[in-house]
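Input: a single structure, listed below in structure tokens.
Coordinate-derived values only; no laboratory data. What you see is a predicted model; the values in this text were computed from it and never measured. FYI the Cβ positions are ideal-geometry reconstructions off the backbone, even for glycines, and counts take in every protein chain you see.
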Amino acid sequence: MKRNGLWLVLSGIILLCIVGSLFVMNWADTNGDGRNEQQDASVENSDETDSMNEPADTSESAETVVNEGRYTDYDEELVAADGFDTTILFFHAEWCPECRAFEQALMDSEFPDGVQILKVDYDAASDLKKRHSVTTQTTFVRVDQSGETQATWVGYGRDKSLDVILENTA
């Protein structure tokens with residue numbers, strides 16, 4: 001009987017170690033700022049990406065330039081950037097599992113040209129939250145180039161995909 005009890009205790013300890021290791025490995029994939037290595041690489045290459053977003057053809061036609069879609073951190077100047085007909089602010093909190101799930105879905109998505117989603121720090125952007133009447137994280141706000149609210153959608157508990165975000169903020 002003592003052997004069975006000891007075996008059960010050792011099995012439980014091993015199981016806890018495995019689960020704990022998986023948890024630590026998942027959190028170790030992020031840097032202290034909550035971004036993973038894939039995001040860091042995209043930030044480091046942003047200068048290259050920005051130059052690639054510039055129009056290659058400057059022919060005589062006065063066509064509107066449409067930039068490659070992107071998901072990046074919020075910067076007020078990006079709201080008014082030319083070449084994006086859809087700008088959506090994503091109010092994201094690092095501590096929010098729903099926000100992390102949306103972020104992963106966005107990082108795994110291929111953005112249509114002319115669409116940008118700007119990640120706003122929910123905890124730090126009090127003025128933006130007030131301006132757009134945001135009361136909870138996972139809120140997506142479509143804005144025009146002057147930053148005025150066009151549509152608002154709270155994604156908490158909803159499907160996590162770029163298509164769903166675009167559909168609900170159209």
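Structure above, values below:
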read-out	value
Cα pair distances of the stretch 88-161 binned at 5 Å [whole percent]	3, 17, 29, 27, 17, 8, 0
Table column - 3J(HN,Hα) (Hz), the stretch 149-161, Karplus curve with 6.51, -1.76, 1.60, x for Gly and Pro	5, 10, 7, 9, 8, 9, x, 4, x, 9, 4, 9, 7
Net charge of neighbours whose Cβ lies under 9 Å from the Cβ of Asp121, counting Lys and Arg as +1 and Asp and Glu as -1	-2
